[in-house]
Amino acid sequence: MKPLYFKIPKTDQESFRVQVDHLPHMYDKLHYHEELQIIYIVRSRGTRFIGGDISKFKGGDIFVVGSNMPHLFKNDEKYYQEDSQFKAVSISIFLNKKAFESDFFSLPEMLPIKEFFKNADRGIEIVGETRKVLQVKMRELTKAEGFEKFIRVLMILNVISQSKEQVFISSMKYLRTLKDSDGEKLNAVFEYIMKNFTESINLHEVAEVANMSVSAFCRYFKSRTRKTVIQFINEIRIGYACTLLTEEDMSVNEACFCCGFNNVSNFNRQFKSITNLTPSQYLKKFKN
């Protein structure tokens, strides 16, 4: 089984597609598509995998996913509960690079946009003031039609290409090593960990999910994600703890045990390592 290949639907009258998704949760299977994707997470929270990089995502984030780059967005567990009131809202622009290879895009004024398409193969997170500007522009884009929509897409591409507030997500070298055959194992492992991270997780059990020995699986996981299995599990747990502290009004001790840790001192140590703040400092910052 490979990462799922998506064929983005579009009509003959479109050189790109603007898509608004309002769903119970994000699409959480590892997949890829020929089109470059600019995605604005309007409202959602969870863990993302883009080109081998695993990190948290939240409402307001904007990412550029390169052509044929495997990716998924896995929401926090509360989004999957039967009576959940949470929704995942996102706005995406899908662009096929072939549509932007005409003589028009060879004009000097278009060179930064052409360079952006090259850099997009590494995956990009947009940060800072540029992210705020793009949030507004992508909301406005959903209301535009025809030629106005095309102009607004060009404006968005121009803003990104001119900005220095870009964080590359993956490396070119890594992308060349990612194989389609990794999809089945990574999907199964992600699903297992996301379902069981609040309990004690045994490395032998996770390795069995991937049908590998523990030592081989640990090497495999690190080579594909650039993180150890334990690092990944701890980041998922601490991300969940942040939600419990700020949205469920739990105490530090309660959050510690609810997110899968069995030792408060280790929880505090991992929390500080991952967020650069102690739990109490995080709460203070959040309330301010």
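Kindly provide the set of residues from the range 196-228 that are of a type in the set (Val, Ile, Thr), part of a helix (DSSP H, G or I) and more than 19 Å from GLY51 (Cβ to Cβ), ordered by number.
VAL206, VAL209, VAL214
Exactly one of these conditions fails for SER223: (1) over 20 Å from the mean Cα position of the chain (by Cα); (2) among the polar types (S, T, N, Q); (3) at pLDDT below 90. Give me its number.
(1)
Spot the failing condition for VAL18; the list is (1) within 18 Å of the chain's Cα centre (by Cα); (2) part of a strand (DSSP E or B); (3) at pLDDT 85 or above, and only one is missed.
The single condition VAL18 does not satisfy is (1).
Output the number of residues of the range 211-229 satisfying the condition of being within 18 Å of THR47 (Cβ to Cβ) and touching a residue at least 24 places away in the same chain (Cβ under 8 Å).
6
Among the candidates GLU77, GLU109, GLU115, GLU148, single out the residue that is acidic (Asp, Glu) and within 20 Å of ARG17 (Cα to Cα).
GLU148
Yes/no per residue for (1) surrounded by 15 or more Cβ atoms within 10 Å (Cβ to Cβ); (2) farther than 30 Å from PHE117 by Cβ; (3) aromatic (Phe, Trp, Tyr); (4) modelled with pLDDT under 85:
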site	(1), (2), (3), (4)
LEU186	yes, no, no, yes
ILE193	yes, yes, no, no
SER213	no, yes, no, no
ALA216	no, yes, no, no
ARG219	no, yes, no, no
GLU235	yes, yes, no, no
ILE238	yes, yes, no, no
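In the range 31-78, which residues are at positive phi, surrounded by fewer than 23 Cβ atoms within 10 Å (Cβ to Cβ) and modelled with pLDDT under 90?
GLY51, ASN68
Looking only at the range 134-169, how many residues end up being hydroxyl-bearing (Ser, Thr, Tyr) and either modelled with pLDDT of 95 or more or not in a helix (DSSP H, G or I) (or both)?
2
Can you pull out every residue in the range 243-266 that is in contact with a Phe, Trp or Tyr (Cβ under 7 Å, 6 or more places away or on another chain) and at positive phi?
Of everything in the range 243-266, just one residue is in contact with a Phe, Trp or Tyr (Cβ under 7 Å, 6 or more places away or on another chain) and at positive phi, namely GLY260.
Surrounded by 13 or more Cβ atoms within 10 Å (Cβ to Cβ), of a type in the set (A, V, I, L, M, F, W, C) and in contact with a Leu (Cβ under 9 Å, 6 or more places away or on another chain): is that true of PHE271 in this structure?
yes
In the range 231-260, what residues are free of Cβ contacts under 8 Å to residues at least 24 places away in the same chain, assigned to a helix (DSSP H, G or I) and more than 16 Å from ARG45 (Cβ to Cβ)?
The answer is GLN231, ASN253, GLU254, CYS256, PHE257.
Please go through (1) surrounded by fewer than 15 Cβ atoms within 10 Å (Cβ to Cβ); (2) at pLDDT 90 or above; (3) within 30 Å of ARG131 (Cα to Cα) for GLU205 and return the number of the only condition it doesn't satisfy.
(3)
Given (1) under 19 Å from the mean Cα position of the chain (by Cα); (2) of a type in the set (D, E, K, R); (3) at pLDDT 85 or above; (4) not in a helix (DSSP H, G or I), identify the lone condition not met by ARG131.
(4)
Those residues that are part of a loop (DSSP other than H, G, I, E, B) and without any contact (Cβ under 8 Å) to a residue 12 or more places away in the chain, I need them from the range 261-288; list them, please.
ASN263, ASN276, LEU277, THR278, ASN288
The values are calculated or read from the model by the stated rules, or taken from the named source; none is laboratory data. Because the structure is predicted, anything quoted here is derived from the model rather than measured. Methodologically, a virtual Cβ is constructed for each residue, glycine included, from the backbone with ideal geometry; neighbour enumeration extends over all protein chains shown.
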